[in-house]
Amino acid sequence: MKDRDQILPLLHQRRQATFFTFDLGLYDPKWRHANYCVVCLNVPWAQGAEYIRRFLRHRRFNTKSKRMGKVIRLTVDGVAYWALGERGRVKLAW
């Protein structure tokens, strides 16, 4: 929790930051914010970079404006996310 207390204020200071982490504790709709995106990787550590690239090329997330306001979880099967202004969680297959 201490790390989160340090990371979240930094995200508020940055413009349209996309933060990638293996900390699944950040995959919670309460962390949604219009100024940043949190992407939690639930994939093998050694394949993290591969899934980050795959995510950034995905048509729904390939621009900053498409990512902002979302808390996202990447898995080997697909993407799940919560977005500001949307009810419920959205799930997508790769």
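Here is a list: Tyr81, Tyr51. Which entry is aromatic (Phe, Trp, Tyr) and outside any helix (DSSP H, G or I)?
From the options Tyr81, Tyr51, the qualifying one is Tyr81.
Could you say whether any residue in the stretch 46-53 is touching a residue at least 40 places away in the same chain (Cβ under 8 Å) and closer than 19 Å to Trp94 by Cα? Give the derivation first.
We begin by selecting, within the stretch 46-53, every residue touching a residue at least 40 places away in the same chain (Cβ under 8 Å); these are none.
Within the stretch 46-53, not a single residue is touching a residue at least 40 places away in the same chain (Cβ under 8 Å) and closer than 19 Å to Trp94 by Cα.
For the structure I just gave you, tell me whether Leu74 is part of a helix (DSSP H, G or I) and either modelled with pLDDT of 95 or more or among the β-branched types (Val, Ile, Thr) (or both).
Answer is no for this residue.
Tell me which residues, restricted to the stretch 15-31, are closer than 16 Å to Ala83 by Cα and touching a residue at least 40 places away in the same chain (Cβ under 8 Å).
Gln16, Thr18, Leu26, Tyr27, Asp28, Pro29, Trp31
The values are calculated or read from the model by the stated rules, or taken from the named source; none is laboratory data. Just so it is clear, the structure is predicted and the values come from calculations on it, not from any experiment. Cβ: placed from backbone, ideal geometry, glycine included. Neighbour counts: every protein chain shown.
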